[in-house]
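The structure appears below as structure tokens.
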Amino acid sequence: RLREALAAERACTVTLRNQRADGTSFINELHVAPVRDTLGRVTHYVGVQHDVTERSRAERQLALSETLYRSVAASITDGLLVIGPDRRIVTANPSACTLLGARATTLVGQRLGRLGYKLLEEDGRLVEHDRHPVRDVLLSGRSALDRVHRLRRPDGSERLLRLNVQPLRAHPDDSRLS
């Protein structure tokens, strides 16, 4: 890409693996831009480089972490939903999709209630708004464990559930997820 940009007399940013004088390798980001005279002819190029070794290492580590998380979430047999502070579904594993009878693409970004799902007490009564376990966890930051409920799906079928709702934080300063 760098050679093509130079031949076309245009700016370019590339990431390259280089070697220091002591033999250790590093990754640098190089930005090259043409400098033109008053007639528009390229007289020379200006280049700026930054050592991005640590950033590159962090990006690889983040990608690995994401891959491992997705692999674990996909392989567990319990339904796993991550609900954002706005009570919309952030992600759903395959077991949750099977339990809910819906595809992840249908669920993500939506609220279960708006999709027609109803959370019921074990005896079949509708869970009151102020006693909803997800609401409780989002507001209090405390776990709601081993709660037995029924889930009425949009098609009218019901599933008996044992809910474990845990507060999660993507970052210490972020809003709660559950």
**Request:** State whether one or more residues within region 45-66 are free of Cβ contacts under 8 Å to residues at least 12 places away in the same chain, over 30 Å from residue 151 (Cβ atoms) and of a type in the set (Val, Ile, Thr).
**Result:** no
**Prompt:** Out of 90, 108, which single residue is closer than 23 Å to residue 168 by Cα, crowded, with 16+ Cβ neighbours inside 10 Å, in contact with a strand residue (DSSP E or B) (Cβ under 6 Å, 6 or more places away or on another chain) and β-branched (Val, Ile, Thr)?
**Reply:** 90
**Message:** Criterion first (touching a residue at least 12 places away in the same chain (Cβ under 8 Å), within 32 Å of the chain's Cα centre (by Cα) and over 30 Å from residue 133 (Cβ atoms)) does residue 14 satisfy it?
**Reply:** yes
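Quick check on residue 95: is it surrounded by fewer than 11 Cβ atoms within 10 Å (Cβ to Cβ) and of a type outside the set (D, E, K, R)?
no
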**Item:** Selection from region 111-131 of residues that are closer than 20 Å to residue 155 by Cβ, in a helix (DSSP H, G or I) and either open to solvent by 70 Å² or more (accessible area, probe 1.4 Å) or of a type outside the set (Gly, Ala, Ser) (or both)
**Value:** 114, 115
**Asked** If you scan region 85-115, which residues turn out to be touching a residue at least 40 places away in the same chain (Cβ under 8 Å) and in contact with a helix residue (DSSP H, G or I) (Cβ under 9 Å, 6 or more places away or on another chain)?
**Response** 85, 87, 100
**Request:** Determine the pairs where a residue that is open to solvent by 90 Å² or more (accessible area, probe 1.4 Å), located within region 139-151, has a partner that is among the basic types (Lys, Arg) with Cβ atoms under 8 Å apart, the partner being 6 or more residues away or on another chain.
**Result:** 146/162
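The values are calculated or read from the model by the stated rules, or taken from the named source; none is laboratory data. The structure displayed is predicted, hence computed values, not measured ones. Using ideal geometry, Cβ is built from the backbone for each residue, glycine included, and neighbour counts are taken over all protein chains shown. Side chains are part of the model used for accessible areas, which takes the heavy atoms of the whole protein and leaves out ligands, DNA and RNA. Shrake-Rupley method; radii C 1.70, N 1.55, O 1.52, S 1.80 Å.
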